[in-house]
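To start, the structure itself, in structure tokens.
The values are calculated or read from the model by the stated rules, or taken from the named source; none is laboratory data. Bear in mind that the values here come from a model prediction, so they are computed numbers and not experimental data. Glycine gets a Cβ as well: all are built from the backbone with ideal geometry, and neighbour counts include every protein chain shown.
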Amino acid sequence: MLRRLAILVLSLFIASLVLFVLLRLLPGDPANALLSVGADPQQIEAAREQVGSNLPLSEQFLRFLGNLLRFDLGTSFISGAPVGAEIAARLAVTLPLTFLAFALALIIAVPLGIVSAVKADRWYGALISTVSQFGIAIPVFWVGILLVLVFAINIRLFPSGGFPSRGWHAPLEALRALALPVLTIAIVMSASLLRYVRASTLDVLGSDYLRTARALGAGFTEAFVRHGIRNGAVPVISILGIELASAFLGAVVVERVFTLPGLGSMLLLGIQQRDYPNVQGVLFVSTLLVLLVGFAADLTQRLIDPRLRDKARVAS
Amino acid sequence: MTGTNAPAGTFVRKSSPRGLRAFATTAAFATAISLSFAAHAADSYDPDAIINVGSLYEPQNLDNIAGAGQGINEAFNSNVYEGLFRLTDAGNVEQVLATDYKVSDDGLTYTFTLKPDVKFHSGDPLTAQDVKYSIERVTGPDSKSSRKSSLAPISAIEAPDDHTVVVRLSSRSISLPYNLTYVWIVNDAAQNLTAGEDGTGPYKLENWRRGSTLSLKRFDGYWGEKPTNGEVIFNYFTDATALDNALLTGAVDVITGIQSPDALAQFKDNPEFTVSEGKSTTKELLAFNDRVEPFTNVKVRKAISRAIDKKKLLNSIWGEYGTLIGSFVPPTDPWYVDLNAVDPYNPDSARALLAEAGFADGFSFTLDTPNYDPHPIVAQFIKSELAKVGITVNINVITANEWYNKIYKAHDFQATLQEHVNHRDIVFYGNPDFYWGYDNPKVIDLIKSSETAKTEEEQVAKLTEANRIIADDAASVWLYLYPQIVISKANVSGYPVNGLNSQFFAYGIKKSD
Amino acid sequence: MSALDETPPVAPAATRKSRWSLTLTIGLILVGIHVAVALLTLFWTPYDPSATAGGRLEPPSLSHWVGTDRLGRDFFTLIMIGSRIALVVGIGAVAIGAAIGVTIGLLSAFATRFLDDALAATLDILIAFPVLLLAMLVVAASDGASLWSAILALGIAMSAIVARLTRILAKRVLQNDYIIASRTSGTSWPGVVVRHVLPNIWPTLTVNFALQFGIAVIAEASLSYLGLGAPPPNASWGRLLQEAQGTVYTAPIGAIAPGIALVTLVIGVNMLADGLRDIGDPTRRVSR
């Protein structure tokens, strides 16, 4: 447990180092972003000071880390707004989008995955797994465009993009705005999730303990529910962490399709405008969330699977 | 009109790819553009209606001399603040807080008489001191107003009594009343105008939620005609699709601009909406760097202009909307003339001109193309058109920031695409240091002397001549004039439809149930 | 781009054995069509891709099978050229990813314990990010987007996955007794790599490369869609879709056709990969 926590902290450190190095590769002086809007020399000097690009690299990195520890992500070059506040505001779009999509994907993928494995010899079992083949070959943005075509243009059920200017103060409007984006991510995510559930279920079906349980007189359903699901869930949960994280980061594209004011569009805008503090802030927060999700998935896995728990105890 | 040294960012609309926040730019060089109000006024309307306006241009702050951006002019001009003059729908400069003015024979002294019994929102009466203070605010050292240089001829302002203001000039300035339309008259006792206001307009500021809405409530002590609605709320969006959707879903009543004809399709044949086309001042242009070979050669520039089928291009981008003007001057500027015939589409003549210029085998150049609509598609069209006359175009896609650094500041380019939004902006061709580097002494002199002209006729004559010369020189290729389209719900009327993106007079808007 | 980075699990051979050849056949046909079209475009296309051959946003007709774009260019021609770009991107990115990834993976497998651990930890973190996001960063760090910067970015981004796989496979091979024997008998480690490691891990790597190819094609389309990929007039499918999205109300076909082309290519290589895996080891069950 402690060891896992240490790894988390270490990963975060390595990630921020990687981020730092990558961002220093951005061409030109970061203060250039200000130049473009007609800045005078003092402002440029101020920008250099703010970014610290006049300091030696090692000192820059220490400052960067120090600011992070104080949750200070700096201020945007373009708007002058604090990056942290902007990220918090945009998480109000991206987090609900991610979690709703994730939940929907689970609701779709788990039952279908189990059915397609248990009934692999039936036509519908085969159909489900064939359709999921398509699911992993489709770019998420195209799914979004197709959904817009069907649900926003042909039957005008949902808006084709945008988010209410009053945000969650208009909860129904906000939910309507998220409907298609959520569906988009969920469709693509459930396709790959389904394949894991199916593979895991097939493993369970071929396992000794299930055979033993049935030999001992348990019905198939009983045996499967009592032993199968718990065992089959373990590898799936380790995937869930990655899935959730990639759904979160996949929002970059989906937010563009539906012009949602989330973290992804902030990142894209930051890259296009070379708004260095914004890019840095978004990437750091994303990394943090991805690692936290991985950590949570790991813990859940341990809770479910006693073997891992014991191993962990021995290890630590 | 000496605004040739306007700061960066004042002349192009950085509208953006979807999702990119449009940088609000301080509007410069406004014009006497007409504001024709939507024709069919509702017969019966709710006098206390709340009007929701959708816009892409949220102000950075509430003071137009503090770099607030074009959004503050949209929300506040003639709604919250009034000037001595205003630009009207008839295309004229109309007196508002000035009832009368006299100009001395040498053109160097203007005497304004103020309207009596005008009250600020705070209750203070309007006095000549307020006007003096307001003008000096714009010309003062702290002012970031892009109008500052236009008002530079002002040498002194006096307030002999409460209702008289005398403005003395160091040189003639024929555009003074026009330039004064951009000077808000504020209470000289007002504090903190970046977050509050104290004007004389028909509305007062109710509240401003940053990043979302700005609401204006009817001011009961207004001196003039009572607005036809009770409250106006500007709803701000960061991209065009979200804006369109807000109108579709009924979240707003009217939107101040549409970005493509295809977005129009969802409104056009729908009886729930009214689509109005107004007059625009936004021009798409292919700007050469006139300093570098081979664009120093007039024949090459003219050849390129003739090789591009602008009518087909306009149709590709805007379908049935938009206009061709053949120059930089839109029909709403007084010095407009139709110059489409100067370099009409004619590939054969283009090839002949290229041969005369010594480029019979063509040449190649790099076209720096901003990465947002419509520039990339325009660039592809130009590439294919010029290929037919032997010119190879390399499209180099750049971001808005790169455009400012590389092209606007460093002049490091061969040719580029850009949209210019301002009115009366032919003056840019009188500045040889401008990014496109057009340097014709005759044009420089015409533009300079037009401002010190004794009469408006003389000013118009000089600028019309300058307009003809730049067209003959093919200083740039003026591809087309954007359409200006305003869309509202069918039960809303009385809003301005013209392309002054810096002004949106709300007091005449009517909403029926 | 959810979960496109992992190797998808494959159903047990038992259910698959009877139709593995079908999978491979369909995969070969789909990929073959795209390769043929791509080669064809080098010599011939229905229309000049930059010519404004028709009117604005014409609907599909006999002369323009999937209509025209805003500039009146033949959409079918552009989609055909898109095949060529997609193949170039896929092959280029996989080649770069393979070159970097296999090298790092092998080095890690042979390195000292400490270096190996550090590399493995770094790779684990990099893999936590979707290829697309890493590629976005690389593009941002390069000066101006181009087809080559997109390929390079994708190659670099994918190299982490290849490196991790190579490392695991190579370590497994290195544990074999005969290799330990071979090393103790004095074979140099490059010799071991060439003689034992590469031949053993190559089949598995090849299957992985095919899957990476599909990922690269999708990621390039996404980059182009976001405006970070090949600039115009490159007819990348992603850029065609991005341009068509703006006109989706008036000409929906443009927002559909390039996507179908893309999906057929990616499904084709995925099926090819599945088929190859089954040939390589018909009894193997991969549960990742």
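Hey, among the residues in the range B:149-186 that are without any contact (Cβ under 8 Å) to a residue 60 or more places away in the chain and of a type in the set (D, E, K, R), which one's nearest to B:Leu97 (Cα to Cα)?
In this case the residue turns out to be B:Asp162.
Is the range A:157-170 home to any residue that is assigned to a helix (DSSP H, G or I) and of a type in the set (A, V, I, L, M)?
From the range A:157-170, those assigned to a helix (DSSP H, G or I) are A:167-169; that's our starting set.
Narrowing the set further to residues that are of a type in the set (A, V, I, L, M) leaves none.
No.
Looking at the range A:253-278, which of its residues are assigned to a loop (DSSP other than H, G, I, E, B), more than 10 Å from chain C (Cβ to nearest Cβ) and within 17 Å of B:Tyr404 (Cβ to Cβ)?
Just the residues of the range A:253-278 that are assigned to a loop (DSSP other than H, G, I, E, B), to begin with: A:258-262, A:274-275.
Keeping just the survivors that are more than 10 Å from chain C (Cβ to nearest Cβ) gives A:258-262, A:275.
Result: A:Asp275, single match.
Taking the range B:99-110, which residues are under 12 Å from B:Val165 (Cβ atoms) and free of Cβ contacts under 8 Å to residues at least 24 places away in the same chain?
From the range B:99-110, those under 12 Å from B:Val165 (Cβ atoms) are B:99-102, B:109-110; that's our starting set.
If the condition is that a residue be under 12 Å from B:Val165 (Cβ atoms) and free of Cβ contacts under 8 Å to residues at least 24 places away in the same chain, then B:Thr99, B:Asp100, B:Lys102 are the ones that fit.
Anything in the range C:222-261 that is facing another protein chain (nearest Cβ under 7 Å), out of contact with any strand residue (DSSP E or B) (no Cβ under 9 Å at 6 or more places or on another chain) and over 22 Å from A:Ala251 (Cα atoms)? List them, or say none.
Across the range C:222-261, the qualifying residues are C:Thr247, C:Tyr249, C:Thr250, C:Pro252.
Out of (1) hydroxyl-bearing (Ser, Thr, Tyr); (2) closer than 19 Å to B:Ile485 by Cα; (3) modelled with pLDDT of 90 or more; (4) under 20 Å from the mean Cα position of the chain (by Cα), what's the single condition that is false for B:Thr282?
(3)
Run B:Thr392 past the list (1) β-branched (Val, Ile, Thr); (2) in contact with a Phe, Trp or Tyr (Cβ under 8 Å, 6 or more places away or on another chain); (3) in contact (Cβ under 8 Å) with a residue 40 or more places away in the chain and report the number of the one that doesn't hold.
The failed condition is (3).
So C:Asn270 fits all but one of (1) facing chain A (nearest Cβ under 9 Å); (2) touching a residue at least 40 places away in the same chain (Cβ under 8 Å); (3) closer than 27 Å to B:Ala242 by Cβ; what number is the exception?
(3)
Only one of (1) without any contact (Cβ under 8 Å) to a residue 24 or more places away in the chain; (2) away from chain B (no Cβ under 14 Å); (3) outside any loop (DSSP other than H, G, I, E, B) fails for A:Leu149. Which number is that?
(2)
Might you check whether a residue that is over 23 Å from C:Ile151 (Cα atoms) and either touching a residue at least 40 places away in the same chain (Cβ under 8 Å) or not in a helix (DSSP H, G or I) (or both) occurs anywhere in the range C:208-231? Show your work before the answer.
If we filter the range C:208-231 for residues that are over 23 Å from C:Ile151 (Cα atoms), which is where we start, we get none.
The answer is no, given that none of the residues of the range C:208-231 is over 23 Å from C:Ile151 (Cα atoms) and either touching a residue at least 40 places away in the same chain (Cβ under 8 Å) or not in a helix (DSSP H, G or I) (or both).
Somewhere in the range A:152-170, is a residue surrounded by fewer than 24 Cβ atoms within 10 Å (Cβ to Cβ), at pLDDT 85 or above and out of contact with any helix residue (DSSP H, G or I) (no Cβ under 6 Å at 6 or more places or on another chain)?
no
Give the residues of the range A:198-223 that are within 14 Å of chain C (Cβ to nearest Cβ), over 30 Å from A:Leu95 (Cβ atoms) and part of a helix (DSSP H, G or I), sorted by residue number. Reasoning before the result, please.
Here is the first cut: in the range A:198-223, the residues within 14 Å of chain C (Cβ to nearest Cβ) are A:198-207.
Still in the running and over 30 Å from A:Leu95 (Cβ atoms): A:201-207.
Across the range A:198-223, the qualifying residues are A:Thr201, A:Leu202, A:Asp203, A:Val204, A:Leu205.
What's the number of the only condition in (1) closer than 20 Å to C:Leu87 by Cβ; (2) at pLDDT 80 or above; (3) among the small types (Gly, Ala, Ser) that C:Ala163 fails to meet?
Only one criterion is unmet by C:Ala163, namely (1).
Given the options B:Glu293, B:Glu272, B:Glu231, name the one that is outside the structural domain of B:Ile135 (by TED's automatic domain parsing), within 23 Å of B:Gln70 (Cβ to Cβ) and modelled with pLDDT of 80 or more. Explain how you work it out, then say what you get.
Working: B:Glu293 fails: within 23 Å of B:Gln70 (Cβ to Cβ); B:Glu272 fails: within 23 Å of B:Gln70 (Cβ to Cβ).
When all the criteria are applied, what remains is B:Glu231.
Report yes if A:Val9 is at pLDDT below 75, more than 23 Å from B:Ala410 (Cα to Cα) and either of a type in the set (Val, Ile, Thr) or outside any loop (DSSP other than H, G, I, E, B) (or both), otherwise no.
Values: at pLDDT below 75: no; more than 23 Å from B:Ala410 (Cα to Cα): yes; either of a type in the set (Val, Ile, Thr) or outside any loop (DSSP other than H, G, I, E, B) (or both): yes.
No: the conditions fail for A:Val9.
Return yes when B:Tyr321 is aromatic (Phe, Trp, Tyr), assigned to a helix (DSSP H, G or I) and farther than 21 Å from C:Ser50 by Cα and no when it is not. Write out each step before concluding.
On the way: aromatic (Phe, Trp, Tyr): yes; assigned to a helix (DSSP H, G or I): no; farther than 21 Å from C:Ser50 by Cα: yes.
No; evaluated as a whole, the condition is false for this residue.
So which of C:Ile100, C:Ile125 is within 14 Å of chain A (Cβ to nearest Cβ) and either in contact with a Leu (Cβ under 8 Å, 6 or more places away or on another chain) or aliphatic (A, V, I, L, M) (or both)?
Values: C:Ile100 fails: within 14 Å of chain A (Cβ to nearest Cβ).
Residue meeting the stated conditions: C:Ile125.
All but one of (1) assigned to a helix (DSSP H, G or I); (2) surrounded by fewer than 23 Cβ atoms within 10 Å (Cβ to Cβ); (3) within 14 Å of chain B (Cβ to nearest Cβ) hold for A:Leu180, so report the exception by its number.
Against the list (1) assigned to a helix (DSSP H, G or I); (2) surrounded by fewer than 23 Cβ atoms within 10 Å (Cβ to Cβ); (3) within 14 Å of chain B (Cβ to nearest Cβ), A:Leu180 comes up short only on (2).
Does A:Arg195 satisfy the condition of being within 16 Å of A:Leu112 (Cβ to Cβ), modelled with pLDDT of 75 or more and assigned to a helix (DSSP H, G or I)?
yes
Here are the criteria: (1) among the hydroxyl-bearing types (Ser, Thr, Tyr); (2) within 14 Å of chain A (Cβ to nearest Cβ); (3) in contact with a helix residue (DSSP H, G or I) (Cβ under 6 Å, 6 or more places away or on another chain); (4) in a helix (DSSP H, G or I). Tell me which single one B:Ser349 does not satisfy.
It is condition (2) that B:Ser349 fails.
Among the numbered conditions (1) under 25 Å from the mean Cα position of the chain (by Cα); (2) in the same structural domain as B:Phe273 (by TED's automatic domain parsing); (3) aromatic (Phe, Trp, Tyr), tell me where B:Tyr178 comes up short.
With respect to (1) under 25 Å from the mean Cα position of the chain (by Cα); (2) in the same structural domain as B:Phe273 (by TED's automatic domain parsing); (3) aromatic (Phe, Trp, Tyr), B:Tyr178 is out only on (2).
I'd like the residue in the range B:206-235 that is assigned to a strand (DSSP E or B) and more than 14 Å from chain A (Cβ to nearest Cβ) and, out of all such residues, is surrounded by the fewest Cβ atoms within 10 Å (Cβ to Cβ).
Let us first name the residues in the range B:206-235 that are assigned to a strand (DSSP E or B), namely B:206-209, B:213-218, B:231-235.
Adding the requirement that they be more than 14 Å from chain A (Cβ to nearest Cβ) leaves B:206, B:216-218, B:231-232.
Working: B:Glu206: 14, B:Leu216: 28, B:Lys217: 16, B:Arg218: 20, B:Glu231: 17, B:Val232: 27.
By that ranking, first place goes to B:Glu206.
Give B:Ile509, B:Ile487 a once-over and let me know the one that is touching a helix residue (DSSP H, G or I) at 6+ places or on another chain (Cβ under 6 Å) and either of a type in the set (Gly, Ala, Ser) or in contact (Cβ under 8 Å) with a residue 60 or more places away in the chain (or both). Spell out how you get there, then give the answer.
Values: B:Ile509 fails: touching a helix residue (DSSP H, G or I) at 6+ places or on another chain (Cβ under 6 Å).
Only one candidate passes the filter, namely B:Ile487.
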